[in-house]
Amino acid sequence: MGLTIEDWGRTAYTDAFERQLERVEQRLDGEIGDTLILTEHDSVYTIGARHGAEKHLLLAPDALTQKGITVAKTNRGGDITWHGPGQIVGYPVVSLADTRDLHAYLRNIEQLIINVLGSLGLAADRREGLTGIWLGTRKIAAIGVAVKRWVTYHGFALNVNCDLGNFGGIVPCGITPAEGTVTSAAAELGHEIDLTEVKQLIATEAETLFGVEATNA
């Protein structure tokens with residue numbers, strides 16, 4: 001069975017999370033095969049399961065309202081981050097039952113993003129001791145996953161054309177200014193990028209790394 005790509009377009013984070021959980025249950029029950037969900041969220045700060053993550057939200061409630069940013073707690077790994085327009089979020093709902101190797105799965109997700117950025121002309125890489133994908137000390141993609149009975153959910157967020165100012169209201173992923181900053185593909189290349197093109201690159205790399213043919217739902 002191949003990999004199904006579902007493009008959900010723009011979604012509210014909480015709605016997408018509920019739909020994602022439905023896909024997880026369907027995958028566990030064998031009703032669907034492995035699925036990669038792609039979406040852009042409405043502007044939101046998501047707080048992960050890491051202890052103390054909520055302390056890295058720097059904006060007061062009235063400032064959040066003024067900026068139109070909501071806040072959502074989530075059960076993925078990691079700290080706090082921002083999701084919103086111009087950022088492609090990928091949620092792989094993939095069974096690891098055969099390998100039970102979460103480490104290898106994470107390396108595959110990292111390599112997928114590195115390869116996509118390479119196709120755009122950006123030489124990204126991992127960074128020792130820190131999560132996500134980086135261009136030197138500039139973080140361009142966040143990764144936070146969860147697993148239920150060896151079916152994955154949550155995933156990655158790739159900054160393409162997003163407003164980087166939204167990261168100023170948090171300590172993104174718990175990374176202090178001394179450790180690094182946040183960037184986007186558009187900021188690095190000096191121009192906006194076609195999101196449809198990036199989604200196609202993601203689908204192509206997913207085919208290669210997971211060794212299956214990808215089809216659109």
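The residues of region 96-133 that are surrounded by 20 or more Cβ atoms within 10 Å (Cβ to Cβ) and assigned to a strand (DSSP E or B), listed by number, are Thr131, Gly132, Ile133. Looking only at region 80-115, residues that are over 12 Å from the mean Cα position of the chain (by Cα) and closer than 17 Å to Asn159 by Cα come to 6 in all. Closer than 25 Å to Leu21 by Cβ and among the charged types (D, E, K, R): is that true of Glu128 in this structure? Judged against the criteria, Glu128 is not a match. For region 160-168, the criterion of being part of a loop (DSSP other than H, G, I, E, B) and either among the aliphatic types (A, V, I, L, M) or farther than 23 Å from Gly86 by Cβ (or both) is met by at least one residue. Scanning region 181-205 for residues that are touching a residue at least 12 places away in the same chain (Cβ under 8 Å) and part of a loop (DSSP other than H, G, I, E, B), we see that the one that is farthest from Thr39 (Cα to Cα) is Thr183. Report yes if Arg19 is under 26 Å from Leu201 (Cβ atoms), out of contact with any Pro (no Cβ under 8 Å at 6 or more places or on another chain) and part of a helix (DSSP H, G or I), otherwise no. So Arg19 fits the description; yes. Within region 39-56, is even one residue of a type in the set (Gly, Ala, Ser), part of a helix (DSSP H, G or I) and more than 14 Å from Gly144 (Cβ to Cβ)? Among the residues of region 39-56, not one is of a type in the set (Gly, Ala, Ser), part of a helix (DSSP H, G or I) and more than 14 Å from Gly144 (Cβ to Cβ), which makes the answer no.
You will find that of Pro61, Pro85, the residue that is modelled with pLDDT under 95, surrounded by fewer than 19 Cβ atoms within 10 Å (Cβ to Cβ) and more than 25 Å from Thr208 (Cα to Cα) is Pro61 and no other. In region 175-194, the condition of being over 30 Å from Glu54 (Cβ atoms) and aliphatic (A, V, I, L, M) is met by at least one residue. Exactly one residue out of Thr196, Thr215, Thr208 is touching a Ser or Thr at 6+ places or on another chain (Cβ under 7 Å) and farther than 24 Å from Gly78 by Cβ, and it is Thr215.
The values are calculated or read from the model by the stated rules, or taken from the named source; none is laboratory data. Small disclaimer: the values here were computed from a predicted structure and weren't measured. Heads up, the Cβs are rebuilt from the backbone with ideal geometry, glycines too, and the neighbour counts pull from every protein chain shown.
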